[in-house]
Amino acid sequence: MNNKMIDINGRSYPLPAKAPVVVVCIDGSEPAYEGCDNGGYIERAVEAGCAPFFESMMKTGTYRTADSVVPSFTNPNNISIVTGVPPKVHGICGNFFLDTDLDKEVMMNDPKYMRAPTLFSALQKEGVKVTVITAKDKLRRLLGNGLDFGQGDAIAFSAEKADELSLEENGISNILDRVGLPVPSVYSADLSEFVFAAGVELMRHERPDVMYLSTTDYIQHKHAPGTPEANAFYAMMDRYLAQLHELGAVIGVTADHGMKAKHSATGQPEVLYLQSELDTLLGNGKSRVILPITDPYVVHHGALGGFATVYLSDQEDAERVTHALLEYSGIEKIYSRDQAAHELELPADRIGDLVVVSRGGWALGSSPDQHDLSGLDVPLRSHGGLSEQRVPFLLNRRIDWQNDRLRNFDIYFAALNAEA
């Protein structure tokens, strides 16, 4: 490789020259920052003495916090990280949205909804070897969009479907035997460990030039920073990151969003059910609430998050609805469509007439009958709003970046420039 620059989505990146570049997205990794109640996951694990590699990154590398995109959910942020731009450019503004062309609520995991190419597809065209490993399969098709698996220089798969791989669809077919771990449960820390174990295995043998590892937030939804379960999870990641470091990789670590407790002192969920409130205010059928946190894996959060969009039958109701909802203590902010598109950098045609964001300790729901909370075996922790926007931003290289606002989707730009 040489130091040729490549332009992707309006940003210029150097091609990897010598060292492989690995970016890790730790799903739901709340960092430590001023005003944070529990400290951060990484910081508390370091304090407990079980994350020596993270500690070395903090001391000798780059240790910052950054802002994710809002809604602070998995799909929009992972796609921002791998395109280097916000949702107004790449088009993915939730895990779930209302396709107004079809008048149907759908999962946003089909590549047809993407409006920008990934960094990976552009790099492969320049001869860069790319590997993408994600925990859940809902992301795999989006992250691998545009990759040509027939050339032998691209791999993309999920831990969830590690037993269903093919050369044609994933660029690899035998990862289970090579990793030596069984297919993990989607509701387990093992799902994320498989991602790291596979990443280390492929770095040792295939040695891709650029790698992306994306975990699941199963642990963070259940356990606060500094708890034994959380520290054990970060200790596991620390061991694999140290191995990638020993293999010579430039490593960047960030997150798709933070995580906050959204329950009362007695452990009961603090939820404002928007559809119920709007039906009382406007009448049935006059509004439609969409919860973009919704995905196939709702057991640990019950589809309750910090962000909702509202479609109104009568646009003249917008001001009335806004004033009424702002009376509730659980609401932090309400945006009009145009305000949300501008301030949150969202695609205006894929959000509602109003965007509602809850405060840190509250979640937003539709109506009680639409949420199955039977799977909540611990008090609710979730994400989606401005309060979960802060994320970690670490590199095992020291960089001097003085820009006013660091974003999680700057991580590949920083890592590739650190390598160059």
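The values are calculated or read from the model by the stated rules, or taken from the named source; none is laboratory data. Given the structure is predicted, the values throughout are model-derived calculations rather than measurements. Just the protein is used for accessible areas: all its heavy atoms, side chains included, with ligands, DNA and RNA removed. Shrake-Rupley method; radii C 1.70, N 1.55, O 1.52, S 1.80 Å.
Here the alpha carbons of region 117-158 define both size measures, Rg and Dmax, at 9.5, 28 Å. Normalised Debye scattering of region 196-300 at q = 0.10, 0.16, 0.23 Å⁻¹ gives log10 I(q)/I(0) of -0.50, -0.90, -1.31, counting only Cα atoms as equal scatterers and leaving out solvent. Only Cα sites of region 65-202 enter the Debye sum here, all with the same form factor; the resulting log10 I(q)/I(0) across q = 0.16 1/Å is -0.88, listed in q order.
Please state the shape class of region 144-215: rounded when a/c is under 1.5, otherwise prolate if a/b exceeds b/c and oblate if not, all from the C-alpha gyration tensor. Judged from the Cα gyration tensor, region 144-215 comes out prolate (a/c at least 1.5, a/b above b/c). Shape annotation for region 1-116: C-alpha extents along the principal axes are 53, 44, 21 Å, from largest to smallest. List the lysines whose Cα lies under 26 Å from the Cα of residue 104, skipping any in the same chain that are fewer than 8 positions away. Cross-link targets: 88, 112, 136, 138, 286. For the chain, the 222 nm mean residue ellipticity estimated from helices alone, with every DSSP H stretch of n ≥ 4 adding -39500 (n - 2.57) and the total spread over all residues, rounds to -8000 deg cm²/dmol. Anisotropy class assigned to region 330-420 is oblate, per the alpha carbon gyration tensor with a/c at or over the 1.5 cut-off and a/b no larger than b/c.
Hydrodynamic analysis of the chain uses the Kirkwood radius over alpha carbon pairs. Inserted into Stokes-Einstein at 37 °C and 0.692 mPa s, it gives a translational diffusion coefficient of 152 µm²/s. Sorting 168, 160 by accessible area puts them as 168, 160; the probe is 1.4 Å, largest comes first, and only protein heavy atoms count. Overall, the accessible surface of region 246-333 at a probe of 1.4 angstrom is composed of carbon and sulfur to the extent of 48 percent. Per residue, the chain exposes 38 Å² of solvent-accessible protein surface, assessed with a 1.4 angstrom probe and all protein chains in place. With all protein chains in place and ligands, DNA and RNA left out, the 1.4 Å accessible area ranks 382, 336 as 336, 382, largest first. Using only Cα coordinates, the Kirkwood hydrodynamic radius of region 212-270 works out to 13.6 Å.
For region 76-140 versus region 169-196, the inter-centroid distance based on Cα atoms is 22 Å.
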